[in-house]
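Since the structure comes first, as structure tokens, the remarks are kept for the end.
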There are 2 protein chains.
Amino acid sequence: MPAERPLLGAIEAGGTKFVLGVGHGPDEVIEQQQIDTRDPATTLADVNAFFARHEGLAAIGIGSFGPLERDPRSAQWGHILATPKPGWSQFDLAGAVARAFRVPVAFDTDVNAAALAEARLGAARDAAVSVYVTIGTGIGGGVIANGAIIGGAGHPELGHMRPRRSADDHGFDGICPFHGDCLEGLTSGPAIKARWGESLSHLPTDHPGHAIIAGYLAEMCNTLRAVLAPDGIVLGGGVMGTPGLFERVIEAAAGSDGGYFALPAAQVIRRPVLAPVSGLAGAFLLAADLL
Amino acid sequence: MPAERPLLGAIEAGGTKFVLGVGHGPDEVIEQQQIDTRDPATTLADVNAFFARHEGLAAIGIGSFGPLERDPRSAQWGHILATPKPGWSQFDLAGAVARAFRVPVAFDTDVNAAALAEARLGAARDAAVSVYVTIGTGIGGGVIANGAIIGGAGHPELGHMRPRRSADDHGFDGICPFHGDCLEGLTSGPAIKARWGESLSHLPTDHPGHAIIAGYLAEMCNTLRAVLAPDGIVLGGGVMGTPGLFERVIEAAAGSDGGYFALPAAQVIRRPVLAPVSGLAGAFLLAADLL
């Protein structure tokens, strides 16, 4: 009989909600709860109440909204960095959790956590190198190689690459406060609403917006293929729920790659299999990796 | 007294020349020779004659022009793939060397080898994540994380990302046979000559080409920063020898990044320190890693 696995805590800290979990891993969750994200003190009081119900936690993993400091060499490790969310800038999220429970705490971005889960347990299980990208209110992602998150001093900001502008997409400057028409400024949910007044799934199927958004996401995929030669690119998030979008992205990526890459677009570009809990699953994995 | 280090062979296999080396590592090269790249049989006869002069080789590392198969899971491992170079398509380069000398052979791209050398011994020694890019007759690069080459089924094709076109760069379709105006089609040495009749270093300092090329390379750097958050991006190759270009790239990258990334452009973007032998140095490291 195998020894009992240690009890772990997991937090997917999002900008609008926190998902909390306790269990022995993503495959053995004992309790899970969702709370609204409010100011740090109120939110953390709920977090603490949840975990206080479970004795013997061995470690807690946090996958958080960013920007954040994930570099353990930095004195700012565990902090949220400059963010428009009231009260959260410079908040020491990992430190607050560690002080409350006196256990080791792992801290990374929500998208790095989701990328790790999809790479180890999900859509990119067979991949030596994979990328996870979520396209929703914002755009973010993470890169995994041989089961580990790839990161230097910062963390990827996949939403802020600049795709070539589509000739059909004129008269729109993009909504990113930092870069205007970067990928997030052009293809996030709010960018789609700002441009056409509706979410992509509410636009008629013959609306040009479908091809425009698919084209930008296909460019992103081909850029990732050129930079990393990944075996898998996993596309998640609310915008990807638009019927037909996934197929359009593959078609556009294959149509503009010149047949140049080692693997075909249809093999590389994949749907997530752990959504909507890939972030929480990744937070469990981050916690387990500490032990 | 330390034991004597094993004797290693190294090959930087380029499209116009092969550089051959024997020694105990990149810091202790005993003999080095350069030969012209001709057809495989003639070239390999010279390679074999060079290494035959040295008894007791423990391993040979090869950093080669591509495209090539670097995935050890593939039956094509060690082969050059489809290339316009006469005779080289499907040539089993690693196999030919292994059969001649009956030693373990490591095989990767020349740019992955150079990236490894700059990351372990050169300009990116302090970096957890780094990228090496060479801008010359072609454009290629490699990604290193924690001292290891990042790669899936294929290898990066950094030259084939598509930068946003500059408004000042009109009337030129690019020279890439696969993608037209991808990065290589716009900013490689031959693309510069095709557009303006001269290499960049021969154009007057007030020629608009300087800003156009710097702008495309800055976009490439910012894309790499968005995808990987590297601590270092090392820019090598003949085009980067243009006086003032390095400084222009940093200025353009900082000017268009929106202040958004963790590290400033001037800290991330670096000159190689091992050039012109970074590829050969990397081939020695590949060989040493086999033992």
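The values are calculated or read from the model by the stated rules, or taken from the named source; none is laboratory data. This one's a predicted model, so the numbers in the text were calculated from it and none came from an experiment. Using ideal geometry, Cβ is built from the backbone for each residue, glycine included, and neighbour counts are taken over all protein chains shown.
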For segment B:188-227, how many residues meet the condition of being more than 14 Å from every other protein chain (Cβ to nearest Cβ), polar (S, T, N, Q) and within 19 Å of the chain's Cα centre (by Cα)?
1
Is segment A:242-262 home to any residue that is under 30 Å from residue A:32 (Cα atoms) and touching a residue at least 60 places away in the same chain (Cβ under 8 Å)?
no
Working carefully through the options A:287, A:281, A:254, A:275, find the one that is within 30 Å of residue B:83 (Cβ to Cβ) and aliphatic (A, V, I, L, M).
A:254
With part of a helix (DSSP H, G or I) and small (Gly, Ala, Ser) as the only criterion, which of B:113, B:127 stands out?
B:113
List the pairs whose first member sits in segment A:26-50 and is touching a residue at least 24 places away in the same chain (Cβ under 8 Å), whose second member is of a type in the set (S, T, N, Q) and not in a loop (DSSP other than H, G, I, E, B), and whose Cβ atoms are under 7 Å apart, counting only residues at least 6 apart or on separate chains?
A:37/A:43; A:50/A:33
Just one of the numbered conditions (1) more than 10 Å from chain B (Cβ to nearest Cβ); (2) buried (at least 24 other Cβ atoms within 10 Å of the Cβ) is not true of residue A:138; which one?
(2)
Here the residues within segment A:99-129 that are surrounded by fewer than 20 Cβ atoms within 10 Å (Cβ to Cβ) and touching a residue at least 24 places away in the same chain (Cβ under 8 Å) are A:100, A:101, A:103, A:104, A:120, A:121, A:126
Give me a count of the residues in segment B:228-254 that are within 14 Å of chain A (Cβ to nearest Cβ), among the aliphatic types (A, V, I, L, M) and on the phi < 0 side of the Ramachandran plot.
6
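Right, residue A:143: facing another protein chain (nearest Cβ under 8 Å), surrounded by 18 or more Cβ atoms within 10 Å (Cβ to Cβ) and closer than 24 Å to residue A:253 by Cβ or not?
yes
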Which condition from (1) touching a Leu at 6+ places or on another chain (Cβ under 7 Å); (2) within 18 Å of residue B:114 (Cβ to Cβ); (3) β-branched (Val, Ile, Thr) is the one that residue B:234 breaks?
(1)
Residue under question is residue B:152, and the condition is that it be over 15 Å from the mean Cα position of the chain (by Cα), at pLDDT below 95, surrounded by 23 or more Cβ atoms within 10 Å (Cβ to Cβ) and within 14 Å of another protein chain (Cβ to nearest Cβ); does it hold?
yes
With in contact with a Gly (Cβ under 8 Å, 6 or more places away or on another chain), loosely packed, with under 15 Cβ neighbours inside 10 Å, within 14 Å of chain B (Cβ to nearest Cβ) and under 23 Å from residue B:165 (Cβ atoms) as the only criterion, which of A:174, A:180, A:185 stands out?
A:180
Could you check segment B:193-291 for helices (runs of 4 or more DSSP H) lying wholly inside it with 2 or more residues that are farther than 20 Å from residue B:149 by Cβ?
B:208-228, B:245-256, B:265-268
